[in-house]
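Asker: Below is the structure I would like to discuss, written out as structure tokens.
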Amino acid sequence: MNRIRSILLIIIIASFEMSAGAQVISEEAKRKVTVGFDVFTDIWQGKPSDMELRTINQAVNVFGLYNFPINESNASLSVGLGIDNHNMYSNSRIDNIRGDTIIFNPIEEVYQRCKINLTYASVPLELSFRTNSGFKIGAGFKIRYLISSKEKYVGDVDGYSGGRRMVKNKDISNTETWAYGFTFRAGYKSFNLFGYYQISNIFTKGRGPQMYPISVGVTFTPF
């Protein structure tokens, strides 16, 4: 298990442990702190015309929020930290991840899997409203810093006679360091629908396809 997956697993396990111990924490503390994770798929926009994407591009975010109640109302303003993960499964590989321009070429060999993975450290901001019965709706904005970009390919490799291989390439060039977009949540108690619309592109303008994700999924907040 790589370092990023280990971090995600540790935070998820920690969130469940905190949920199990939440009964000994005061109600006031539970109102001020939220720990959760998003399970979602990415709908990629701006892809090259000859790129075919998988219908489901599963990924997960983990986050913690500190909630500031607004006066005596049921509304609150939240700010926090998180780790965001995005996957893009397709029929195309990057021609040269160190190149001056990122170009995706359709795979001609027999392959099992090809994906791009992007991992960010994020600062989410959210304005939310919760009813006394537990229903919640919230909208916000997220600023993110890229900490990892990778391509993973499993399949035949041209010029290699050893059969199917796994190829991993790190640090894709011309990826934007900063990303940002709008978030939305609506649901009941610890279960919410989740959406994220990124308004920044993955690659530097003029040096790669102008792609960005729209994420749709669910949020679980055990604590």
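The values are calculated or read from the model by the stated rules, or taken from the named source; none is laboratory data. This one's a predicted model, so the numbers in the text were calculated from it and none came from an experiment. A quick note on method: Cβ atoms are made from the backbone with ideal geometry, for glycine too, and the neighbour counts reach across all protein chains shown.
Asker: Please go through the range 128-158 and pick out each residue that is closer than 18 Å to R185 by Cβ and among the hydroxyl-bearing types (S, T, Y).
Answerer: Selection gives S128, T131, S133.
Asker: Now a separate question. Looking at R93, R98, R113 in this structure, which one is exposed (fewer than 14 other Cβ atoms within 10 Å of the Cβ) and either of a type in the set (V, I, T) or part of a strand (DSSP E or B) (or both)?
Answerer: Working: R93 fails: exposed (fewer than 14 other Cβ atoms within 10 Å of the Cβ); R98 fails: either of a type in the set (V, I, T) or part of a strand (DSSP E or B) (or both).
Only one candidate qualifies: R113.
Asker: Another question about this same structure. Are there any strands (runs of 3 or more DSSP E) wholly within the range 120-223 with 3 or more residues that are farther than 28 Å from N96 by Cα, and if so which? Steps first, please.
Answerer: Details: elements: 135-155, 165-170, 178-188, 191-198, 212-220.
In the range 120-223, 135-155, 178-188, 191-198, 212-220 are the strands (runs of 3 or more DSSP E) which contain 3 or more residues that are farther than 28 Å from N96 by Cα.
Asker: For the range 116-135, which residues satisfy the criterion of being crowded, with 16+ Cβ neighbours inside 10 Å and at pLDDT below 95?
Answerer: R130
Conditions (1) modelled with pLDDT under 85; (2) closer than 21 Å to I143 by Cβ; (3) of a type outside the set (S, T, N, Q); (4) in a strand (DSSP E or B), marked per residue:
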site: A14; (1), (2), (3), (4): yes, no, yes, no
site: Q23; (1), (2), (3), (4): yes, no, no, no
site: G36; (1), (2), (3), (4): no, yes, yes, yes
site: V62; (1), (2), (3), (4): no, yes, yes, yes
site: S73; (1), (2), (3), (4): no, no, no, no
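Asker: Output yes when any residue across the range 141-153 is closer than 30 Å to N71 by Cβ, within 20 Å of the chain's Cα centre (by Cα) and exposed (fewer than 15 other Cβ atoms within 10 Å of the Cβ), and no when none is.
Answerer: Just the residues of the range 141-153 that are closer than 30 Å to N71 by Cβ, to begin with: 141-143.
The next check asks that each one be within 20 Å of the chain's Cα centre (by Cα); those that pass are 141-143.
Retained after the next criterion (residues that are exposed (fewer than 15 other Cβ atoms within 10 Å of the Cβ)): 141.
Yes, the range 141-153 contains at least one residue that is closer than 30 Å to N71 by Cβ, within 20 Å of the chain's Cα centre (by Cα) and exposed (fewer than 15 other Cβ atoms within 10 Å of the Cβ).
Asker: A further question follows. Quick check, is G162 at pLDDT below 95, on the phi < 0 side of the Ramachandran plot and not polar (S, T, N, Q)?
Answerer: Working: at pLDDT below 95: yes; on the phi < 0 side of the Ramachandran plot: yes; not polar (S, T, N, Q): yes.
Considered against the rule, which asks whether it is at pLDDT below 95, on the phi < 0 side of the Ramachandran plot and not polar (S, T, N, Q), G162 comes out as yes.
Asker: Filter the range 181-196 for residues that are under 16 Å from the mean Cα position of the chain (by Cα) and among the basic types (K, R) and give the result.
Answerer: Listed by number, the list holds a single entry, R185.
Asker: Checking D100 against (1) out of contact with any strand residue (DSSP E or B) (no Cβ under 9 Å at 6 or more places or on another chain); (2) of a type in the set (D, E); (3) closer than 20 Å to K189 by Cβ: exactly one of these is not met. Which one?
Answerer: In the conditions (1) out of contact with any strand residue (DSSP E or B) (no Cβ under 9 Å at 6 or more places or on another chain); (2) of a type in the set (D, E); (3) closer than 20 Å to K189 by Cβ, D100 misses (3) alone.
Asker: Mind listing whichever residues of the range 58-87 are within 30 Å of V110 (Cα to Cα) and touching a residue at least 60 places away in the same chain (Cβ under 8 Å)? Spell out how you get there, then give the answer.
Answerer: Of the residues in the range 58-87, the ones within 30 Å of V110 (Cα to Cα) are 58-60, 85-87.
Result: A59, N85, H86.
Asker: Let me ask something else about it. What do you reckon, is E28 modelled with pLDDT under 95 and among the charged types (D, E, K, R)? Reasoning before the result, please.
Answerer: Details: modelled with pLDDT under 95: yes; among the charged types (D, E, K, R): yes.
Yes.
Asker: Another one. Of the residues I116, I94, I102, I107, which is under 30 Å from V62 (Cβ atoms) and free of Cβ contacts under 8 Å to residues at least 60 places away in the same chain?
Answerer: On the way: I94 fails: free of Cβ contacts under 8 Å to residues at least 60 places away in the same chain; I102 fails: free of Cβ contacts under 8 Å to residues at least 60 places away in the same chain; I107 fails: under 30 Å from V62 (Cβ atoms).
So the residue among I116, I94, I102, I107 that is under 30 Å from V62 (Cβ atoms) and free of Cβ contacts under 8 Å to residues at least 60 places away in the same chain is I116.
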